[in-house]
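Worksheet for the structure shown next.
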Amino acid sequence: MTPTVAPPAAPSGPAPSPTGRPAPSSRPRAGSVDPRRHRLVAYTEGPAAALAALHDAVSPAVLPAGPGGHTLLPAETDAACDRYVACDGPRSRAGLPELARVPVGDTDLVARRLPRPAPPDPAWSTGVAWIRLGLAERLLAAAAAHLRGRSVAGAPTLNLPLVRAMLADAAAGVAEARALLDTDDGDPSALRRVHEGLDEVGRRCLHLFGAAGFLADGPGSEVRASELLADTYPPPTDLEAP
Amino acid sequence: MTTEFLADLRALARDQATALRATALDLDRDPTLATTGLHRAVPWRQLVGLPAAYNTDPLRVRGRPVLLDTCVEQVTVLEELARADAGAVLALPGPSMSGSVIADLADDEQRERYWNTVADGPTWTFFGMTEPAHGSDPGGMTTTLRPDGDRLLLTGTKRYVGNAPRARLGVVFARRHSGPLGVVAVLVDTSRPGFEAVPLPTLGLRGLQLSELRMRDVPIEAADVLGRHRSATRQGMWAATRTFHRYRPVVSCLALGVAQAAYDLVTAERRGFRSHERHLLDGWAQRLAGTRALVLAAARSADRDPADGTLASAAKIRATGLAEEITTTAVRMLGPGARWEHPLLDKLVRDARAFEFMEGTGNIQRLTLAQGYLQGRLGDARAA
């Protein structure tokens with residue numbers, strides 16, 4: 001899926017490189033990358049590239065666990081990790097079985113369950129939220145392009161008022177998530193709302209795609225990847241524990 | 001049909017559903033299991049609405065045979081089966097949507113040929129309407145049926161057609177003439193040359209095996225054209241519309257079954273709930289009951305008058321929305337990584353997304369419902 005409208009305006013702060021990835025020679029240390037750049041990589045290159053870049057910046061060589069003890073990474077990134085951080089210190093990742101493989105784009109995301117991991121790094125959770133924002137913008141742009149190219153009774157589907165209303169709902173969801181992330185002061189309830197809002201945007205866009213959004217090799221696969229990221233790496237909360 | 005009768009029928013279906021629950025994840029992984037084992041796990045002959053002559057051992061409720069050939073019986077039974085696995089319900093052999101077209105358009109010879117084939121053994125059928133570029137908009141239909149000597153040739157592409165790769169026959173809609181009355185329904189044998197059904201891998205409802213039909217000069221006999229003895233206004237689109245009106249309550253009951261399954265899963269997997277969560281669950285329970293009543297009303301309306309789809313559209317809007325909402329929120333209620341820890345929940349989330357576009361999107365349903373209301377077809381106080 002390639003978005004065909006202009007990418008979102010470059011975020012303020014350090015200018016991203018043309019690819020959105022930090023240049024290898026000047027790889028910043030953990031936490032020093034403006035998390036907004038992950039949004040742009042997600043928008044232009046999709047979930048796998050964005051996760052790889054976030055991992056480079058925040059958690060190199062280490063499997064990042066979510067609050068439920070799960071990981072979800074591109075297969076190449078997953079394979080390049082040699083350890084994870086347990087509550088009592090670093091542990092080898094050798095022998096951790098695969099939970100699932102989720103095809104997306106031209107690669108797979110690999111899920112694992114880690115035994116007794118340390119609490120997640122907030123920089124990772126924040127980065128995931130920015131990635132999901134970029135993925136939502138990518139999806140909405142692709143939905144608009146899809147509908148511009150289809151017609152009902154001779155008129156572009158994109159011009160039908162009911163379709164415009166759905167597009168507007170999705171756009172409002174993107175705007176709200178961006179506003180929340182732009183003013184992020186570390187409040188977990190704000191991040192939870194970002195994820196819920198972006199889930200709604202994803203569903204709305206799937207409605208815009210119709211049956212095409214249900215195909216395993218279509219835009220729905222990135223929606224699924226984005227939702228699984230939210231489930232794997234939700235912000236810390238006291239409301240969700242079973 | 002009394003409430004007590006339907007309650008007994010529902011209880012019977014709940015027993016049958018146990019077998020489907022056991023195979024739900026396997027069928028999701030491998031849709032071909034539908035043809036190798038599924039129809040042996042449940043008595044498919046009793047569940048798919050075969051006519052009395054072909055259903056010699058029907059379900060019985062209070063001693064009364066139940067053929068499942070009415071919408072009311074179908075939504076009652078299929079909701080309970082979908083609560084176990086909606087993909088399996090849609091993967092069952094039998095008439096499904098094509099049976100409705102046969103009921104409205106087939107002549108005696110066609111009817112006999114169709115039911116003899118379908119009841120012969122587990123036989124799958126399909127309903128080919130949607131096209132890649134125009135969805136179900138008949139104005140844009142490009143599949144054609146054109147004369148070639150003393151026979152006809154069928155050419156075109158259909159998409160998102162369930163069960164076609166495993167089907168022996170089905171109904172395809174094609175344009176024979178220009179104009180709104182120029183679309184005809186054709187009974188197609190899948191063994192004819194030039195016919196191909198290619199599976200489309202999907203994110204959910206994998207048991208259904210959605211596919212693309214590729215038809216290139218498929219030879220069609222005059223005897224395969226449905227509705228040839230009917231008037232010009234009783235042709236393809238007339239029957240397709242009635243089929244949608246009958247089948248939307250069924251799609252709604254499947255969505256409702258998925259919504260109920262997600263509710264069941266949350267309440268089974270969690271021990272205590274906080275007060276705001278109990279409030280949420282109470283709201284869901286009320287909406288499940290409300291949607292169930294609406295689906296039943298829509299089924300009654302479809303049985304009474306399949307030309308009117310007003311309530312069917314209302315039911316589909318509500319059931320689809322509820323299925324998406326409950327499955328999505330259930331993920332958050334079961335804690336971080338819920339979709340990894342509860343693969344059945346992950347399946348419910350994926351399955352729930354199919355209902356939005358089946359038999360017309362939510363927008364199409366809203367337009368139909370608004371129009372039906374404005375024309376006084378909701379039977380509300382204005383007519384009293």
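The values are calculated or read from the model by the stated rules, or taken from the named source; none is laboratory data. All figures in this text were calculated on a predicted structure; none of them were measured in a lab. Note: ideal-geometry Cβ built from the backbone for every residue, glycine included; neighbour counts use all protein chains shown. SASA here: full protein model, heavy atoms, side chains in, ligands and nucleic acids out. Shrake-Rupley method; radii C 1.70, N 1.55, O 1.52, S 1.80 Å.
When +1 charges are put on Lys and Arg Cβ atoms and -1 charges on Asp and Glu Cβ atoms, the dipole computed for chain B relative to its Cα centre reaches about 600 debye.
Calculate, in nm to one decimal, what B:L67 and B:D120 gain on full extension: separation in residues at 0.36 nm each, minus their alpha carbon distance.
Details: separation 53, 0.36 × 53 = 19.08 nm, distance 1.72 nm.
Between B:L67 and B:D120, full extension yields 17.4 nm more.
In this label model, B:T157 and B:D108 are separated by 4.3 nm, measuring between points 7 Å along each Cα→Cβ vector. Sequentially through region B:66-82, phi angles give Karplus couplings (6.51, -1.76, 1.60; θ = phi - 60°) of 10, 8, 6, 9, 10, 4, 4, 5, 5, 5, 5, 6, 5, 4, 5, 5, 5 Hz, Gly and Pro residues having no value and appearing as x.
Considering Cα pairs under 8 angstrom that are at least six residues apart, work out the relative contact order of region B:3-97 and quote it in whole percent.
41 percent
Ranking B:A223, B:A262, B:M237 by how far each Cα lies toward the positive end of the dipole of region B:219-277 (charges on Cβ) leaves B:M237 at the top.
Helix B:96-105 and the longest principal axis of the C-alpha atoms of chain B enclose an angle of approximately 40°. In region A:38-194, the DSSP beta bridges split such that about 90 percent are antiparallel, to the nearest 5.
Convex hull volume of the C-alpha atoms in region B:121-226, normalised per residue: 97 Å³.
Considering only B:L203, B:V184, B:V172, and ranking their Cα positions along the charge dipole of region B:87-210 that arises from unit charges at the beta-carbon of Lys, Arg, Asp and Glu, the one farthest toward the positive end is B:L203. So if we plug the beta-carbon distance of A:A171 and B:R366 into 1/(1 + (r/R0)^6) with R0 = 25 Å, what FRET efficiency do we get, rounded to 0.05? So, using R0 = 25 Å, E works out to roughly 0.80.
Backbone amide hydrogens, once placed in the peptide plane, bring A:V152 within less than 5 Å of A:T157, excluding anything fewer than 5 places away on its chain.
Averaged over peptide B:223-232, the number of partner chain Cβ atoms lying within 10 Å of each residue's Cβ comes to 0. Taking a spot 7 Å from the Cα of B:D305 along the direction of its beta carbon, which residues of region B:62-81 have an amide N less than 18 Å from it? Correct set: B:71-72.
In vacuum, with every alpha carbon of the protein assembly as shown counted as one equal point scatterer, what does the Debye formula give for log10 I(q)/I(0) at q = 0.06, 0.07, 0.08 Å⁻¹? Two decimals, please. For the protein assembly as shown, the Cα-only Debye profile gives -0.34, -0.47, -0.60. If you wrap the tightest convex hull around every Cα atom of region A:100-242 and split its volume per residue, you get 126 Å³. Once C-alpha pairs closer than 8 Å and six or more residues apart are averaged by separation and normalised to the residue number of chain B, the relative contact order reads 16 percent.
Report the per residue volume, in Å³, of the convex hull enclosing the C-alpha atoms of region B:3-97. If you can, show how the numbers build up before the last one.
On the way: hull volume 8.5 nm³, N = 95.
With only Cα atoms used, region B:3-97 gives 90 Å³ per residue.
Amide H contacts of B:G128 (H built 1.01 Å from N, in plane; Pro and chain starts excluded): B:V171, B:V172, B:F173 sit under 5 Å, all sequence-distant by 5 or more or on other chains.
Let me know the charge dipole size of region B:284-382 about its Cα centre in debye, to the nearest 20, where only the beta-carbon of Lys, Arg (+1) and Asp, Glu (-1) is charged. If you can, show how the numbers build up before the last one.
Working: 14 positive and 11 negative charges, 34 e Å.
For this selection, approximately 160 debye.
Assuming a viscosity of 0.890 mPa s and a temperature of 25 °C, what translational diffusion coefficient in µm² per second does Stokes-Einstein assign to chain B, Rh being the Kirkwood radius over Cα pairs? Intermediate results must be reported in sequence, preceding the final value.
Numbers: Rh = 21.4 Å.
Rounded, D is 115 µm²/s.
Shown in residue order for region B:282-289 are the 3J(HN,Hα) couplings computed by the Karplus curve 6.51 cos²θ - 1.76 cosθ + 1.60 at θ = phi - 60°: 4, x, 4, 4, 5, 6, 4, 5 Hz (x for Gly and Pro). Remark: region B:229-312 carries a charge dipole of roughly 160 debye about the Cα centre, counting +1 on each Lys and Arg Cβ and -1 on each Asp and Glu Cβ.
Relative to the compact-globule estimate of 2.2 N^0.38 Å, the Cα radius of gyration of region B:45-154 comes out at 1.29.
Excluding ligands, DNA and RNA, the accessible surface per residue across chain B is 40 Å² with a 1.4 Å probe. Comparing mean-square fluctuations of B:Q365, B:Q286, B:Q74 from a GNM of chain B with C-alpha springs under 10 Å, the top value falls on B:Q286. The string of couplings for region A:134-150 from the Karplus curve (6.51, -1.76, 1.60, θ = phi - 60°) is x, 5, 5, 5, 4, 5, 5, 4, 5, 5, 4, 5, 4, 6, 5, x, 10 Hz, one whole number per residue in order, with x for Gly and Pro. Near A:Y233, once Lys and Arg are set to +1 and Asp and Glu to -1 for all other residues with Cβ below 11 Å from its Cβ, the sum equals -1.
Among B:349-359, B:174-184, how do they line up from the highest to the lowest mean number of other beta-carbon atoms within 10 Å? Can you show the working numbers first?
Values: B:349-359: 26.5, B:174-184: 16.4.
Packing proxy ranking, top to bottom: B:349-359, B:174-184.
A:V102 to A:A118: extension gain in nm, 0.36 nm per residue of separation minus the Cα-Cα distance? If you can, show how the numbers build up before the last one.
Working: separation 16, 0.36 × 16 = 5.76 nm, distance 2.48 nm.
Extra length available between A:V102 and A:A118 comes to 3.3 nm.
Using 1/(1 + (r/R0)^6) with R0 = 35 angstrom and r between the beta carbons of A:T183 and A:R83, what's the FRET efficiency to the nearest 0.05?
On the way: r = 35 Å, r/R0 = 1.00.
My answer for the efficiency is 0.50.
Going from the isolated chain to the complete set of protein chains, region B:155-170 loses at least 40 Å² of heavy-atom accessible area (1.4 Å probe) at B:Y160.
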